[in-house]
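The values are calculated or read from the model by the stated rules, or taken from the named source; none is laboratory data. Please read all numbers here as calculations on a predicted model, not as lab measurements. Please note: Cβ atoms are built from the backbone with ideal geometry, for glycine as well, and neighbour counts cover all protein chains shown. Ligands, DNA and RNA are stripped out before the accessible areas are found, and what is left, the full protein with its side chains, is counted by its heavy atoms. Shrake-Rupley method; radii C 1.70, N 1.55, O 1.52, S 1.80 Å.
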Amino acid sequence: MIRLGNVLVSPGEGGVYGERTLDGYRVWDPYRSKLAALYTLGGGIELTPDMRALYLGAANGTTVSHVADYVETVYAVEFAPRPMQDLLEVARRRRNIVPIMADANRPEEYAPFMEAVDLLYQDVAQPNQVEIAERNLVFLKPGGHLILMLKTRSVDVRRDPAEVLAEARTGLEKRLDIADVRWLDPYHHDHAAIVCSRRE
Ligand code: SAM
(Lines give C-alpha, C1' and ligand atoms only; values in the text may rest on other atoms or scores of the structure.)
Protein backbone atom coordinates (compact mmCIF):
# COMPACT_ATOMS: atom_id res chain seq x y z
CA MET A 1 0.00 0.00 0.00
CA ILE A 2 1.24 3.49 -0.76
CA ARG A 3 1.86 5.92 2.09
CA LEU A 4 3.14 9.46 1.86
CA GLY A 5 4.64 10.02 5.27
CA ASN A 6 1.93 8.47 7.43
CA VAL A 7 -0.91 9.33 5.03
CA LEU A 8 -2.50 6.39 3.20
CA VAL A 9 -3.17 7.18 -0.47
CA SER A 10 -4.22 5.42 -3.65
CA PRO A 11 -2.86 5.94 -7.16
CA GLY A 12 -5.97 6.98 -9.14
CA GLU A 13 -7.38 10.14 -10.61
CA GLY A 14 -8.86 12.41 -7.94
CA GLY A 15 -12.25 14.05 -7.64
CA VAL A 16 -14.32 10.90 -7.09
CA TYR A 17 -16.13 12.06 -3.93
CA GLY A 18 -14.37 15.29 -2.99
CA GLU A 19 -11.31 13.59 -1.46
CA ARG A 20 -8.04 15.52 -1.11
CA THR A 21 -5.07 14.79 -3.31
CA LEU A 22 -1.42 14.79 -2.30
CA ASP A 23 1.43 14.76 -4.82
CA GLY A 24 -0.98 13.43 -7.43
CA TYR A 25 -2.33 10.63 -5.21
CA ARG A 26 -5.80 10.32 -3.68
CA VAL A 27 -5.88 10.58 0.12
CA TRP A 28 -7.68 7.56 1.61
CA ASP A 29 -9.19 8.76 4.88
CA PRO A 30 -9.41 6.21 7.72
CA TYR A 31 -12.35 8.09 9.25
CA ARG A 32 -14.36 7.69 6.05
CA SER A 33 -13.36 4.16 5.11
CA LYS A 34 -13.07 1.12 7.38
CA LEU A 35 -10.59 -0.48 5.01
CA ALA A 36 -8.40 2.64 5.18
CA ALA A 37 -8.66 2.43 8.97
CA LEU A 38 -7.48 -1.18 8.90
CA TYR A 39 -4.44 -0.28 6.79
CA THR A 40 -3.70 2.78 8.90
CA LEU A 41 -3.71 0.56 11.99
CA GLY A 42 -1.15 -1.75 10.38
CA GLY A 43 -3.47 -4.58 9.32
CA GLY A 44 -5.03 -5.77 6.07
CA ILE A 45 -3.59 -7.54 3.08
CA GLU A 46 -1.57 -5.94 0.31
CA LEU A 47 -3.69 -4.98 -2.72
CA THR A 48 -1.87 -5.72 -5.99
CA PRO A 49 -2.54 -4.99 -9.71
CA ASP A 50 -3.23 -8.64 -10.55
CA MET A 51 -6.00 -9.08 -7.96
CA ARG A 52 -9.73 -9.46 -8.49
CA ALA A 53 -12.02 -8.49 -5.66
CA LEU A 54 -15.65 -9.01 -4.74
CA TYR A 55 -16.91 -6.12 -2.62
CA LEU A 56 -20.18 -6.64 -0.70
CA GLY A 57 -21.90 -3.48 0.57
CA ALA A 58 -20.41 -1.09 -1.98
CA ALA A 59 -22.65 1.85 -0.94
CA ASN A 60 -21.81 4.94 -3.02
CA GLY A 61 -18.43 3.62 -4.09
CA THR A 62 -16.14 5.62 -1.80
CA THR A 63 -13.98 2.71 -0.64
CA VAL A 64 -14.64 0.76 -3.86
CA SER A 65 -12.95 3.53 -5.84
CA HIS A 66 -9.77 3.28 -3.74
CA VAL A 67 -9.68 -0.51 -4.01
CA ALA A 68 -10.10 -0.11 -7.78
CA ASP A 69 -7.01 2.14 -7.82
CA TYR A 70 -4.93 -0.83 -6.64
CA VAL A 71 -6.44 -3.99 -8.16
CA GLU A 72 -7.37 -5.31 -11.60
CA THR A 73 -11.16 -5.65 -11.18
CA VAL A 74 -13.69 -4.94 -8.42
CA TYR A 75 -17.12 -6.59 -8.54
CA ALA A 76 -19.18 -4.22 -6.39
CA VAL A 77 -22.48 -5.47 -4.94
CA GLU A 78 -25.04 -3.10 -3.46
CA PHE A 79 -28.79 -3.55 -2.98
CA ALA A 80 -30.05 -0.05 -2.10
CA PRO A 81 -31.16 2.05 -5.08
CA ARG A 82 -29.94 5.47 -3.85
CA PRO A 83 -26.25 4.60 -3.21
CA MET A 84 -26.37 2.46 -6.34
CA GLN A 85 -26.94 5.61 -8.42
CA ASP A 86 -23.69 7.11 -7.08
CA LEU A 87 -21.86 3.81 -7.52
CA LEU A 88 -22.93 3.70 -11.18
CA GLU A 89 -21.50 7.17 -11.66
CA VAL A 90 -18.17 6.11 -10.08
CA ALA A 91 -18.12 2.95 -12.23
CA ARG A 92 -18.88 4.95 -15.40
CA ARG A 93 -15.55 6.75 -14.98
CA ARG A 94 -13.51 3.59 -14.23
CA ARG A 95 -12.86 0.68 -16.50
CA ASN A 96 -12.36 -1.85 -13.70
CA ILE A 97 -15.46 -1.54 -11.47
CA VAL A 98 -18.36 -3.89 -12.22
CA PRO A 99 -21.44 -2.59 -10.35
CA ILE A 100 -23.98 -5.27 -9.44
CA MET A 101 -27.35 -4.40 -7.95
CA ALA A 102 -28.18 -7.47 -5.89
CA ASP A 103 -28.73 -8.81 -2.38
CA ALA A 104 -25.49 -10.28 -1.04
CA ASN A 105 -27.62 -12.96 0.67
CA ARG A 106 -28.31 -14.36 -2.78
CA PRO A 107 -24.96 -14.96 -4.50
CA GLU A 108 -26.65 -17.25 -7.01
CA GLU A 109 -28.21 -14.13 -8.56
CA TYR A 110 -24.85 -12.60 -9.50
CA ALA A 111 -22.87 -15.80 -9.99
CA PRO A 112 -23.34 -15.56 -13.79
CA PHE A 113 -21.45 -12.21 -13.82
CA MET A 114 -18.64 -13.35 -11.52
CA GLU A 115 -15.26 -14.99 -11.77
CA ALA A 116 -13.14 -16.38 -8.96
CA VAL A 117 -11.65 -13.63 -6.77
CA ASP A 118 -8.51 -13.20 -4.67
CA LEU A 119 -10.23 -10.93 -2.15
CA LEU A 120 -13.71 -11.02 -0.69
CA TYR A 121 -14.37 -7.76 1.15
CA GLN A 122 -17.56 -7.28 3.12
CA ASP A 123 -19.05 -4.23 4.82
CA VAL A 124 -22.81 -4.78 4.94
CA ALA A 125 -23.75 -3.95 8.57
CA GLN A 126 -26.43 -6.65 8.82
CA PRO A 127 -27.40 -9.01 11.68
CA ASN A 128 -26.28 -12.04 9.62
CA GLN A 129 -22.90 -10.65 8.51
CA VAL A 130 -21.03 -13.93 9.02
CA GLU A 131 -23.65 -15.93 7.16
CA ILE A 132 -23.50 -13.53 4.18
CA ALA A 133 -19.70 -13.91 4.05
CA GLU A 134 -19.99 -17.69 4.20
CA ARG A 135 -22.46 -17.76 1.31
CA ASN A 136 -20.06 -15.75 -0.84
CA LEU A 137 -17.04 -17.96 -0.17
CA VAL A 138 -18.00 -19.84 -3.34
CA PHE A 139 -16.26 -17.04 -5.26
CA LEU A 140 -13.05 -17.00 -3.22
CA LYS A 141 -10.01 -18.78 -4.64
CA PRO A 142 -8.15 -21.22 -2.38
CA GLY A 143 -5.46 -19.14 -0.67
CA GLY A 144 -7.55 -16.00 -1.20
CA HIS A 145 -8.55 -13.64 1.60
CA LEU A 146 -11.74 -12.52 3.26
CA ILE A 147 -11.81 -9.17 5.03
CA LEU A 148 -14.99 -8.88 7.06
CA MET A 149 -15.85 -5.55 8.65
CA LEU A 150 -18.00 -6.58 11.60
CA LYS A 151 -20.37 -3.96 12.96
CA THR A 152 -21.17 -5.52 16.29
CA ARG A 153 -24.15 -3.26 17.00
CA SER A 154 -25.85 -4.50 13.83
CA VAL A 155 -25.57 -8.07 15.07
CA ASP A 156 -27.04 -7.28 18.51
CA VAL A 157 -26.97 -3.82 20.06
CA ARG A 158 -27.55 -5.20 23.59
CA ARG A 159 -24.66 -7.65 23.64
CA ASP A 160 -21.08 -7.00 24.64
CA PRO A 161 -19.18 -6.17 21.36
CA ALA A 162 -16.31 -8.47 22.40
CA GLU A 163 -18.74 -11.36 22.76
CA VAL A 164 -20.24 -10.68 19.31
CA LEU A 165 -16.75 -10.61 17.82
CA ALA A 166 -15.76 -13.88 19.52
CA GLU A 167 -18.86 -15.57 18.14
CA ALA A 168 -18.20 -14.29 14.61
CA ARG A 169 -14.63 -15.50 14.83
CA THR A 170 -15.70 -18.96 15.95
CA GLY A 171 -18.16 -19.18 13.05
CA LEU A 172 -15.57 -18.19 10.44
CA GLU A 173 -12.89 -20.48 11.89
CA LYS A 174 -14.89 -23.53 10.80
CA ARG A 175 -14.07 -22.85 7.14
CA LEU A 176 -11.23 -20.33 7.13
CA ASP A 177 -7.91 -19.62 8.81
CA ILE A 178 -8.00 -16.40 10.83
CA ALA A 179 -5.00 -14.20 10.00
CA ASP A 180 -5.78 -11.08 12.01
CA VAL A 181 -8.55 -9.60 14.16
CA ARG A 182 -8.57 -6.02 15.36
CA TRP A 183 -10.90 -3.25 16.49
CA LEU A 184 -11.00 -0.15 14.29
CA ASP A 185 -10.87 2.41 17.12
CA PRO A 186 -10.32 5.34 17.12
CA TYR A 187 -11.62 5.60 13.55
CA HIS A 188 -14.78 3.47 13.75
CA HIS A 189 -16.30 2.47 17.09
CA ASP A 190 -17.79 -0.98 17.68
CA HIS A 191 -16.35 -2.17 14.39
CA ALA A 192 -13.82 -4.97 14.09
CA ALA A 193 -11.93 -6.21 11.06
CA ILE A 194 -11.54 -9.96 10.69
CA VAL A 195 -8.98 -11.03 8.08
CA CYS A 196 -9.09 -14.69 7.05
CA SER A 197 -7.56 -16.86 4.38
CA ARG A 198 -9.23 -19.71 2.55
CA ARG A 199 -7.53 -23.02 3.01
CA GLU A 200 -5.82 -24.38 -0.11
N1 SAM B 1 -18.37 -0.05 2.25
C2 SAM B 1 -18.91 1.27 2.12
C3 SAM B 1 -17.74 2.26 2.10
O4 SAM B 1 -16.74 2.03 2.77
O5 SAM B 1 -17.84 3.24 1.37
C6 SAM B 1 -19.92 1.56 3.22
C7 SAM B 1 -20.94 0.43 3.34
S8 SAM B 1 -22.33 0.78 4.36
C9 SAM B 1 -21.74 0.59 5.97
C10 SAM B 1 -23.24 -0.72 4.15
C11 SAM B 1 -23.84 -0.86 2.75
O12 SAM B 1 -24.22 -2.22 2.58
C13 SAM B 1 -25.11 -0.02 2.54
O14 SAM B 1 -24.97 0.76 1.39
C15 SAM B 1 -26.21 -1.06 2.39
O16 SAM B 1 -27.22 -0.67 1.48
C17 SAM B 1 -25.43 -2.27 1.86
N18 SAM B 1 -26.04 -3.56 2.14
C19 SAM B 1 -26.54 -3.99 3.33
N20 SAM B 1 -27.01 -5.23 3.21
C21 SAM B 1 -26.80 -5.61 1.94
C22 SAM B 1 -27.08 -6.81 1.22
N23 SAM B 1 -27.66 -7.85 1.82
N24 SAM B 1 -26.74 -6.85 -0.08
C25 SAM B 1 -26.14 -5.80 -0.69
N26 SAM B 1 -25.86 -4.63 -0.06
C27 SAM B 1 -26.17 -4.55 1.24
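Quick one: ranking 131, 13, 46 by accessible area, 1.4 Å probe, largest first, what do you get?
On the way: 131 80, 13 155, 46 110 Å².
So the residues, ranked largest to smallest area, are 13, 46, 131.
Only helical DSSP H runs with n ≥ 4 go in: add -39500 (n - 2.57) per run for the chain, normalise by residue count and round the 222 nm mean residue ellipticity to 500 deg cm²/dmol. Could the numbers behind the result be given before it?
Numbers: 6 runs with 52 residues, N = 200.
When only DSSP H runs of four or more count, the value is -7000 deg cm²/dmol.
Set the Förster radius R0 to 25 Å, insert the Cβ-Cβ distance between residue 7 and residue 167 as r into 1/(1 + (r/R0)^6), and round the FRET efficiency to 0.05. Write down the numbers at each step before the final one.
On the way: r = 35 Å, r/R0 = 1.41.
According to the calculation, E is roughly 0.10.
Over the heavy atoms of residue 169, what accessible area does a 1.4 Å probe trace out, to the nearest 10 Å²?
The value for residue 169 is about 90 Å².
Would any residue of the stretch 25-60 have its amide N under 19 Å from a label point 7 Å out along Cα→Cβ of residue 116? List them or say none.
48-55
When we measure straight from the Cα of residue 174, which lysines land under 19 angstrom away, once same-chain ones fewer than 8 places off are left out?
In chain and number order, the partners are 141.
First check a/c for the stretch 1-70, with a ≥ b ≥ c the square roots of the eigenvalues of its C-alpha gyration tensor; if it is under 1.5, answer rounded, and if not, answer prolate when a/b is larger than b/c or oblate otherwise. The partial results should precede the final answer.
On the way: a/c = 1.30, a/b = 1.12, b/c = 1.15.
It comes out rounded by the Cα gyration axes.
Tell me the chymotrypsin sites (Phe, Trp or Tyr not before Pro) within the stretch 1-35 that lie in a loop according to DSSP and have at most 11 other beta-carbon atoms within 10 Å. Don't skip to the answer; put the middle values down first.
Values: sites: 17, 25, 28, 31; in loops: 17, 28, 31.
Sites meeting the loop and neighbour criteria: 31.
If I stretch the segment between residue 131 and residue 72 completely, what's the gain in nm (0.36 nm per residue apart, minus their alpha carbon distance), one decimal? Please list the in-between numbers first.
Details: separation 59, 0.36 × 59 = 21.24 nm, distance 2.70 nm.
The span from residue 131 to residue 72 would gain 18.5 nm if fully extended.
Thinking of the chain as a set of Cα atoms, what percent of all their pairs are more than 29 Å apart? List each step's numbers first, then the result.
On the way: 3438 of 19900 pairs.
Here the tail beyond 29 Å accounts for 17 percent of pairs.
Could you order 191, 145 so the one with the most accessible surface comes first? Probe is 1.4 Å.
Values: 191 20, 145 50 Å².
Listed by decreasing accessible area, they come as 145, 191.
State the answer as a single residue: which of 49, 154, 61 lies farthest towards the positive end of the charge dipole of the chain, with beta carbon charges of +1 for Lys and Arg and -1 for Asp and Glu, about the Cα centre.
Farthest towards the positive pole: 61.
Quick check: pseudo-label points 7 Å beyond the Cα along Cα→Cβ at residue 141 and residue 46, how many nm apart are they?
1.5
Taking only protein heavy atoms into account and a 1.4 Å probe, give the accessible area per residue of the chain in Å².
On the way: 9330 Å² over 200 residues.
Per-residue value: 47 Å².
Cross-link candidates for residue 151: which lysines have Cα within less than 16 Å, leaving aside residues fewer than 8 places away along the same chain?
Here the lysines satisfying the reach criterion relative to residue 151 are 34.
Which length gain, in nm to one decimal place, applies between residue 92 and residue 20 when the Cα-Cα distance is subtracted from 0.36 nm times their residue separation? Display every interim value, and only then the final one.
Values: separation 72, 0.36 × 72 = 25.92 nm, distance 2.08 nm.
Result: 23.8 nm gained on full extension.
Stretch residue 32-residue 199 to full length: gain in nm at 0.36 nm per residue minus the Cα-Cα span?
On the way: separation 167, 0.36 × 167 = 60.12 nm, distance 3.16 nm.
Working it through step by step, the gained length comes to 57.0 nm.
Might you report the magnitude of the Cβ-based charge dipole of the chain about its Cα centre, with Lys and Arg at +1 and Asp and Glu at -1, to the nearest 20 debye? Walk me through the intermediate numbers first.
On the way: 24 positive and 29 negative charges, 36 e Å.
Dipole about the Cα centre, nearest 20: 180 debye.
At residue 85 and residue 182, where each label point lies 7 Å from the Cα along Cα→Cβ, what is the point-to-point distance in nanometres?
3.8
Relative contact order (percent) for the stretch 125-176, with alpha-carbon contacts under 8 angstrom and 6 or more residues of separation? Numbers along the way, then the final one.
Details: 27 pairs, mean separation 22.6, N = 52.
Once divided by the residue count of the stretch 125-176, the mean separation gives 43 percent.
With every protein chain present, what accessible area does residue 184 have (1.4 Å probe, heavy atoms only), rounded to the nearest 10 Å²?
Answer for residue 184: close to 0 Å² accessible.
Using a 1.4 angstrom probe and counting only protein chains, how large is the accessible area of residue 177 in Å², to 10?
Taking all protein chains as shown, residue 177 has close to 70 Å².
Taking Rh as the Kirkwood radius computed over C-alpha pairs, what is the Stokes-Einstein D of the stretch 83-200 at 20 °C in a medium of viscosity 1.002 mPa s, expressed in µm² per second? Let's see the in-between values first.
Values: Rh = 15.3 Å.
Answer from the Stokes-Einstein relation: 140 µm²/s.
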